[in-house]
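Bear in mind these aren't lab numbers, they're just calculated from the coordinates by the rules spelled out. These numbers come from a predicted model, not from an experiment. With ideal geometry, Cβ positions are generated from the backbone for all residues, glycine too; neighbour counts draw on all protein chains shown.
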Amino acid sequence: MGDLPKIVVTGASGRMGQMLMKTVSASDKCTLVGAIERSGHDWIGRDAGLCMGGGALGVMVSDDALEAFASADAVIDFTAPSATVEFAALAAQARIVHVIGTTGMDEAELAKLTAAGRHATIIRAGNMSLGVNLLTKLTRMVAAALDVDYDIEIIEAHHNRKVDAPSGTALMLGEAAAQGRGVKLADVRDSGRDGITSARQQGDIGFSAIRGGDIIGEHDVLFAGEGERIILRHVASDRSLFAKGAVRAAIWGQGRAPGEYDMLDVLGLAD
Ligand SMILES: NC(=O)C1=CN([C@@H]2O[C@H](COP(=O)(O)OP(=O)(O)OC[C@H]3O[C@@H](n4cnc5c(N)ncnc54)[C@H](OP(=O)(O)O)[C@@H]3O)[C@@H](O)[C@H]2O)C=CC1
Ligand SMILES: O=C(O)C1=N[C@H](C(=O)O)C[C@H](O)C1
């Protein structure tokens, strides 16, 4: 027990925070040592397990991330971009593994993660599931095999509380399609059509986002040609999928050099 990786979960009260705390506590390969929420949250100072409506876990929810990180081996962080950037700086100070599931980060925020990666071992992915990471490989392969007569559209659906679009997963799939085509996604990305948009530009990669109900996460990569359509699809039916991937990443990161990694590295699928 003493040698198991000690893990802190941030955003403890969130949808993923709660799933992560349950997954870490249920694992025999790591141990939950900290749960972080923002100052003033009504969970602060209370047992994380009791807050979730279950049995006591012996871990008190705290707002002192640096203190928690200082005695941990890894932090798993599914929160919001501004919070994740701050947590990355603290993970760098503590020289620990920072597993990041947070999506919706802009270029400036990503640059701060790169800076933190000089001292922290950062593992970041817009989707931590094996299925989606495999799908990125398939997407790249199909995009490379087809010419630009096949229009690529990425359609994603999520629950009505999601705040960012396109989803992190949709962007991963878009990057993979762009790589397959040998172009930069930024040069061909077409998101949020509305009104008189003019005809579709050949070679563009389009994104559409559906938001509703309790949809956990669904992604289609559509290759639409003349007389045929090819659709690659991933459907997540349980958030534990993402939490299990994140825990696997936190364990994989132990003993790795500081730097930036992704789930393809963790899953042994990197080129
Ligand atoms: N990579 C992957 O596999 C997956 C990624 N995600 C991503 O994870 C993120 C979280 O998703 P989800 O759990 O559904 O969202 P929730 O809104 O349910 O949870 C977010 C949590 O982060 C906390 N938080 C936000 N800002 C701060 C801050 N500044 N300081 C401390 N805590 C903060 C929130 O606290 P408060 O409520 O007080 O704001 C909340 O507890 C999203 O970016 C989502 O896209 C989700 C699933 C899978
Ligand atoms: O916010 C979510 O819920 C999810 N976010 C990730 C994303 O942006 O792709 C992963 C998953 O689809 C669920």
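I'd like the GluC sites (Glu not before Pro) in the range 123-232 restricted to DSSP loop residues with at most 12 other Cβ atoms within 10 Å, sorted by number.
For GluC sites (Glu not before Pro) across the range 123-232 that sit outside H, G, I, E and B with at most 12 neighbouring Cβ atoms in 10 Å, the list reads E226, E228.
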* Structure fact -> Most exposed to least, judged by fewest other Cβ atoms within 10 Å, V247, V8 sort to V247, V8
* **Too-long pairs where the Cα-Cα distance tops 22 Å, listed order kept, from K6/K162; K6/K244; K22/K137; K137/K162; K22/K244** => K6/K162; K22/K137; K137/K162
* Roughly how tilted is helix 107-116, in degrees to the nearest 10 and between 0 and 90, from the longest Cα axis of the chain? -> 40 degrees
* Structure fact -> Length-normalised contact order of the range 1-149, Cα under 8 Å, at least 6 apart, in percent, tallies to 18 percent
* **Over the range 130-236, relative contact order from alpha-carbon pairs under 8 Å, at least 6 apart, %** => 40 percent
* Quote to one decimal, in nm, the extra length available between V148 and I216 on full extension: 0.36 nm per residue of separation minus the C-alpha distance between them. => 21.3 nm
* To do: Go through 48-57, 61-70, 9-18, 77-86 and give me the packing order, highest mean Cβ count within 10 Å leading.
  => 9-18, 77-86, 61-70, 48-57
* **Least to most buried among V163, V188 (fewest other Cβ within 10 Å first)** => V163, V188
* To do: Rank the residues H41, H98, H234 as a footprinting-exposure proxy: fewest other Cβ atoms within 10 Å of their Cβ go first.
  => H41, H234, H98
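Give me the percent relative contact order of the chain, please, defined on Cα pairs under 8 angstrom at least 6 residues apart.
Result for the chain is 20 percent.
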